[in-house]
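Have a look at the structure below, then the notes.
The values are calculated or read from the model by the stated rules, or taken from the named source; none is laboratory data. Bear in mind that the values here come from a model prediction, so they are computed numbers and not experimental data. Glycine also receives a Cβ, built like all others from the backbone with ideal geometry; neighbour counts cover every protein chain displayed.
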Amino acid sequence: MRQPVYFISHGGGPWPWMPDPTSNYAALTAALKSIPTALPQPPRAILMISAHWITSGRLKITSHPQPGMVYDYHGFPANTYEIHYPAPGSPRLTARLQDILSAKNISVTEDSRRGYDHGAFVPAYVMYPKAQVPMVQLSIEAGFDPAWHQALGAVLQPLRDENILIIGSGLSFHNLRSFGPTGREPSALFDAWLQDTLINSSPEQRQAQLLHWEDAPAARICHPMEDHLVPLFVASGAAGSDAATCFHHETNASGGLTVSSFRFG
């Protein structure tokens, strides 16, 4: 039974452990909590492609059987640097990734020291607070080439038939200088383009239009650096011919932003 693919807007920093996440992140919380119940069966493992792990020259895969934590955020309360999300790794999935990527001449290596960054452990915690589902992270490539990352996603597509849940974790809007009211208009413009591209276009049109994402309205305002959009390229490639739906949409996030998350299949 084939698992769907997700692209999620993962929110800001370690928000589930902040004093009042329920009011600011109620919509995202509900959306992430809905994922396990919307799957055809409990996944054997999660493959998480996070915007927060960028490598150059070769991809990397987490390989520790019990990964640690990467607190890749700054200026948050002391308790957020003591978070521990104890989901196990999956040596079996790591080995499988190594095989299928190497077979396509994609340079890749295992990383036994890398832990879960907040693009991975934050959404995973909301989805599976008991940390019962193993998780492996795969890095993105520093060139951020959309065609290359969509092709990477296509290589990963067979994992869906092996009961692996593929999640691209980024943000549909990521300009830290424009969080709040100044981001209201550009985020709405770019989100409307995303909705049209992902939902109202055929899979072939979707993949072609994502190659030219910089031509979208307010694209470079919303993504001065496209690291948080790259997981969407991977998700689109892994989706293949599957249609997309929007399962999380807000128009007043972080004081005025339009943000969305999508499911393929």
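Residue-level check: of (1) free of Cβ contacts under 8 Å to residues at least 60 places away in the same chain; (2) within 18 Å of His52 (Cβ to Cβ), His149 misses just (1). Only a single item in (1) assigned to a loop (DSSP other than H, G, I, E, B); (2) among the charged types (D, E, K, R); (3) in contact (Cβ under 8 Å) with a residue 60 or more places away in the chain is not met by Asp72, and it is number (3). Reported count of residues in the stretch 197-223, each being touching a Lys or Arg at 6+ places or on another chain (Cβ under 7 Å) and touching a residue at least 40 places away in the same chain (Cβ under 8 Å), is 1. Can you spot a residue in the stretch 100-110 that is in a helix (DSSP H, G or I) and either β-branched (Val, Ile, Thr) or touching a helix residue (DSSP H, G or I) at 6+ places or on another chain (Cβ under 6 Å) (or both)? Among the residues of the stretch 100-110, at least one is in a helix (DSSP H, G or I) and either β-branched (Val, Ile, Thr) or touching a helix residue (DSSP H, G or I) at 6+ places or on another chain (Cβ under 6 Å) (or both), which makes the answer yes.
Looking only at residues of the stretch 22-69 that are among the charged types (D, E, K, R) and in contact with a helix residue (DSSP H, G or I) (Cβ under 8 Å, 6 or more places away or on another chain), we find that the one that is farthest from Ser90 (Cα to Cα) is Lys33.
Identify the residue in the stretch 135-181 that is among the hydroxyl-bearing types (Ser, Thr, Tyr) and within 17 Å of Asp117 (Cβ to Cβ) and, among all such residues, is surrounded by the fewest Cβ atoms within 10 Å (Cβ to Cβ).
Here the answer is Ser139.
In contact with a Ser or Thr (Cβ under 6 Å, 6 or more places away or on another chain) and either in contact (Cβ under 8 Å) with a residue 40 or more places away in the chain or within 15 Å of Trp148 (Cβ to Cβ) (or both): is that true of Ser261 in this structure? Yes: the conditions hold for Ser261.
Within the set Ser236, Ser187, the sole residue that is hydroxyl-bearing (Ser, Thr, Tyr), modelled with pLDDT of 95 or more and either under 24 Å from Leu156 (Cα atoms) or touching a Lys or Arg at 6+ places or on another chain (Cβ under 9 Å) (or both) turns out to be Ser236.
For the residues Ser261, Ser254, Ser201, the requirement of being out of contact with any Pro (no Cβ under 7 Å at 6 or more places or on another chain) and at positive phi singles out Ser254.
Being farther than 30 Å from Leu39 by Cβ and either in contact with a Cys (Cβ under 7 Å, 6 or more places away or on another chain) or crowded, with 21+ Cβ neighbours inside 10 Å (or both), is that true of even one residue in the stretch 207-227? No, the stretch 207-227 contains no residue that is farther than 30 Å from Leu39 by Cβ and either in contact with a Cys (Cβ under 7 Å, 6 or more places away or on another chain) or crowded, with 21+ Cβ neighbours inside 10 Å (or both). Take the residues in the stretch 56-72 that are surrounded by 16 or more Cβ atoms within 10 Å (Cβ to Cβ) and among the hydroxyl-bearing types (Ser, Thr, Tyr); name whichever of them is nearest to Phe121 (Cα to Cα). Out of the qualifying residues, it is Tyr71. For the stretch 5-22, the tally of residues that are over 21 Å from Ile83 (Cα atoms) and out of contact with any Pro (no Cβ under 8 Å at 6 or more places or on another chain) stands at 2.
Only residues that are in contact (Cβ under 8 Å) with a residue 60 or more places away in the chain and either under 19 Å from Tyr71 (Cβ atoms) or in contact with a Lys or Arg (Cβ under 7 Å, 6 or more places away or on another chain) (or both) were counted in the stretch 128-139, giving 3.
Residue-level analysis places Gln132 outside the set of residues that are among the polar types (S, T, N, Q), crowded, with 21+ Cβ neighbours inside 10 Å and at pLDDT 95 or above.
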